[in-house]
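Presented below is the structure to which this report refers.
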Amino acid sequence: MLRSASLCAAPTRLATMHPMTDKKAQQYGVTPQSVDFNDWYNEVVKKADLADNSPVAGAMVVKPYGSALWERIVRWLDDEFKAADHESLIFPTLIPMDFIMREADHVEGFAPELFTVNKIGTEVLAEPYVLRPTSETIIGHMWSGWLNSYRDLPFLHYQWGSVFRAELRTKAFLRTSEFYWHEGHTAHATQQEAQAEVRMILDLYHRFCRDILALPVVRGEKTASERFAGAVSTFSIEGMMRDGKALQSGTSHYLGQKFSRAFNVKFQTAAQAEEFAHTTSWAISSRIIGALIMTHGDDKGLMMPPNIAPTQVVIIPIGRKDNFGEMVAEGDKLAAELKAQGVRVKVDRRDGVTNGFKYNDWELKGVPVRIELGPRDLESGVLVVKNRTGDDKETLPRAEVVGGIKARLDGIQAELLQRATDFMLENTVTVDSYDEFKAAIESGKWVRAFHCGDPESEKAIKDDTKATARNVPLDDAEFFAEKEEGVCVHTGKPAAYGKRVIFGRQY
RNA sequence: CGAGGCGUAGCGCAGCCUGGUAGCGCAUUUGGUUUGGGACCAAAGGGUCGCAGGUUCGAAUCCUGUCGCCUCGACCA
């Protein structure tokens with residue numbers, strides 16, 4: 001619950017500049033981003049009705065609006081996976097604990113955050129289970145039984161579900177002890193094929209973020225110290241939030257033969273040799289909703305990109321008691337015309353709530369387009385239209401609004417992507433000295449710098465600045481891909497990777 | 001997990017220090033007036049004071065434990 005804690009945590013700040021000291025502000029709206037980004041985020045999640053806290057530590061309840069959003073995310077991705085010939089399947093939530101223990105790096109990464117089931121009724125289990133933190137192990141186990149010949153490959157599998165990781169500090173959508181995702185798991189006969197899969201998925205994620213969520217993201221490879229526990233190589237898409245922090249928004253891992261060796265996933269080749277499969281895993285989680293909130297949101301609340309918005313257009317019938325019903329009926333007619341074009345539209349038929357209240361309500365929820373429809377408009381054949389992205393209302397002929405609705409939505413989609421891209425570029429600086437590096441990080445920016453690749457140096461930088469290497473952009477990444485040689489900004493040694501690394505503070 | 005803060009009506013809070021009838025604003029319900037950017041008047045309903053122990057004649061208030069939330073730190077595929 002959003003109790004007094006967040007408002008009282010820092011009394012000195014509160015006393016001087018917290019707008020919640022104002023009665024009206026306390027009741028309506030959210031804390032401005034510039035005052036306290038954390039408060040802003042927590043309040044938006046609550047007030048826009050995306051999620052609520054549950055009695056279970058760190059586990060949220062996703063409310064209908066949040067669920068509608070997640071369902072749209074799931075649907076789009078699921079269609080794409082299937083279009084790329086992947087098949088879904090369903091694995092148990094419980095995994096034998098010893099499975100997790102079989103791959104050394106995997107254990108080390110996950111052991112501290114495992115929920116363990118060691119009792120059924122009153123009977124203590126000799127071999128406990130864990131609630132899956134991810135399913136490479138149990139899937140590897142099953143694959144070993146399914147795989148005989150190279151002709152069986154590739155396995156192109158994925159499942160939708162939730163996983164459990166007991167993080168010590170949680171935050172709705174960004175880091176919850178149970179979260180929702182798909183996990184892709186594929187097995188291939190060759191390294192090349194597996195690596196092509198990893199890359200194909202990373203690109204799919206990139207398209208999803210760019211075209212559907214209007215999130216500019218940087219495709220790149222993680223440095224060794226930031227790899228998935230058990231991966232040979234990890235690739236990520238990184239987005240910049242409006243506070244300048246980075247959010248890893250999706251990952252795609254090449255696991256080599258590490259898991260196939262641990263779970264005996266092997267096959268006979270055409271040359272009659274025995275070989276271990278090359279496997280991959282990849283995921284986008286409910287965390288992506290956090291990215292959506294923090295990339296596009298403003299002081300009025302959420303801003304939903306039209307391509308993902310559960311509701312794209314809201315119609316507000318405006319009338320008095322005697323003609324409100326008539327206006328609602330007109331709104332329904334208009335809605336039907338928009339729906340016929342495939343637009344997701346709602347008519348706000350609530351009576352006894354003032355128009356101003358409705359405007360603010362839908363702005364908080366981030367609905368891209370609002371149409372007002374009142375007696376005056378009806379009389380003159382116009383509609384009042386307002387985009388969530390701007391401040392101005394437009395009065396336009398009804399036919400123009402109806403006919404131009406798709407273009408309007410596309411325009412908003414493009415505007416959001418452009419805005420977020422500009423923000424990311426404006427808040428990324430290229431530096432060649434460690435002093436500049438520290439100053440830039442301190443001011444909440446991303447840094448592009450040369451690095452020697454030494455994990456010890458990365459650790460030292462993190463201890464010093466709280467910034468980590470986000471990724472090394474791919475050669476064909478949309479941003480920051482330039483090839484360059486230089487010396488490490490931290491150690492002065494020759495730079496690794498042949499290009500600059502993105503550093504930033506992260507969620 | 002370490003340090004700090006906070007749990008009182010749906011939301012935001014006061015009351016706690018100094019133990020003695022549980023309050024305020026908003027929201028809700030009803031009636032009326034309103035309605036093109038967060039309406040107004042009137043009346044009404046709503047609370048095991050997070051939970052469990054303890055001290056006391058008596059606990060929202062004092063003590064202990066515990067659960068949950070927030071911030072900083074550590075951790076974070």
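The values are calculated or read from the model by the stated rules, or taken from the named source; none is laboratory data. What you are looking at is a predicted structure, and each value in this text was computed from that prediction instead of being measured. Quick reminder, even Gly has a Cβ in these numbers, built from the backbone with ideal geometry, and neighbours come from all protein chains shown. Quick note on the areas: whole protein, heavy atoms, side chains included, nothing else; ligands and nucleic acids left out. Shrake-Rupley method; radii C 1.70, N 1.55, O 1.52, S 1.80 Å.
Just the protein heavy atoms count here, and of the accessible area of segment A:360-402 at 1.4 Å, carbon and sulfur take up 48 percent. Between helix A:405-426 and chain A there is an angle of about 60 degrees, using the helix long axis and the longest principal axis of the Cα atoms. Protein-only accessible surface at a 1.4 angstrom probe places the residues A:R72, A:R102, A:R169 in the order A:R169, A:R102, A:R72, largest first. Determine which residues of segment A:298-327 fall in the zone a paramagnetic label at A:D211 would reach in this model, i.e. backbone nitrogen under 11 Å from the point 7 Å along Cα→Cβ. What the label zone holds, given the 11 Å backbone N cut-off, is no residue at all. Taking a straight Cα-Cα cut-off under 25 Å and skipping sequence neighbours fewer than 8 places away in the same chain, the lysines within cross-link reach of A:K406 are A:K300, A:K333, A:K339, A:K346, A:K358, A:K365, A:K386, A:K393. So if R0 is 51 Å, what FRET efficiency would A:A273 and A:A407 give, r being the distance between their Cβ atoms, rounded to the nearest 0.05? After rounding to 0.05, the efficiency reads 0.30. With kT/(6 pi eta Rh) evaluated at 25 °C and eta = 0.890 mPa s, and Rh the Kirkwood radius from Cα pairs, chain A diffuses with a coefficient of 98 µm²/s according to Stokes-Einstein.
Where does helix A:324-339 land angle-wise versus the long Cα axis of chain A, in degrees 0 to 90, nearest 10? Helix A:324-339 and the main axis of chain A meet at about 40 degrees. Between A:I90 and A:D476, what's the calculated FRET efficiency when r is the beta-carbon distance and R0 is 25 Å? Round to 0.05. According to the calculation, E is roughly 0.10.
Subtracting the Cα-Cα distance from 0.36 nm times the residue separation, let me have the gained length for A:S433 to A:A68 in nm, one decimal. Numbers along the way, then the final one.
On the way: separation 365, 0.36 × 365 = 131.40 nm, distance 4.67 nm.
Full-extension gain reported as 126.7 nm.
Can you classify segment A:59-106 as rounded, prolate or oblate using the Cα gyration tensor, where a ≥ b ≥ c are the square roots of its eigenvalues, rounded means a/c under 1.5, and otherwise it's prolate if a/b beats b/c and oblate if not? Oblate is the answer for segment A:59-106, as a/c is 1.5 or above yet b/c matches or exceeds a/b. Where both bridge residues fall in segment A:313-409, DSSP classifies roughly 55% of the beta bridges as antiparallel.
Placing unit charges on the Cβ atoms of the charged side chains and taking the dipole of chain A about its Cα centre, the candidate lying farthest along the positive direction among A:Y129, A:L168, A:V198 is A:L168. Angle, helix A:191-207 long axis vs. longest principal axis of chain A, Cα atoms, 0 to 90°, nearest 10? So the helix axis and the longest Cα principal axis differ by about 10 degrees.
Estimated translational diffusion coefficient (Stokes-Einstein, Kirkwood radius over Cα pairs, 37 °C, 0.692 mPa s) of segment A:71-290: 182 µm² per second. Within the straight-line cut-off of under 21 Å between alpha carbons, the lysines reachable from A:K266 are A:K258, sequence neighbours fewer than 8 places apart in one chain being disregarded. For segment A:313-409, pairs of C-alpha atoms spaced more than 19 angstrom apart make up 34 percent of the total. Think of each Lys and Arg Cβ as +1 and each Asp and Glu Cβ as -1; about the Cα centre, that makes the dipole of chain A roughly 1140 debye.
Surface calculation, 1.4 Å probe, protein heavy atoms: A:V472 sits at approximately 10 Å² accessible. Restricting attention to segment A:428-504, close to 75% of DSSP beta bridges with both partner residues there are antiparallel. Under 27 Å of direct C-alpha separation, and excluding same-chain neighbours fewer than eight residues apart, A:K499 reaches these lysines: A:K222, A:K245, A:K438, A:K445, A:K459, A:K462, A:K466, A:K483. Need one number: % antiparallel among DSSP beta bridges in chain A, to the nearest 5. Percentage antiparallel, nearest 5: 80. Residues in chain A average 44 Å² of solvent-accessible surface per residue, probe 1.4 Å, ligands and nucleic acids excluded.
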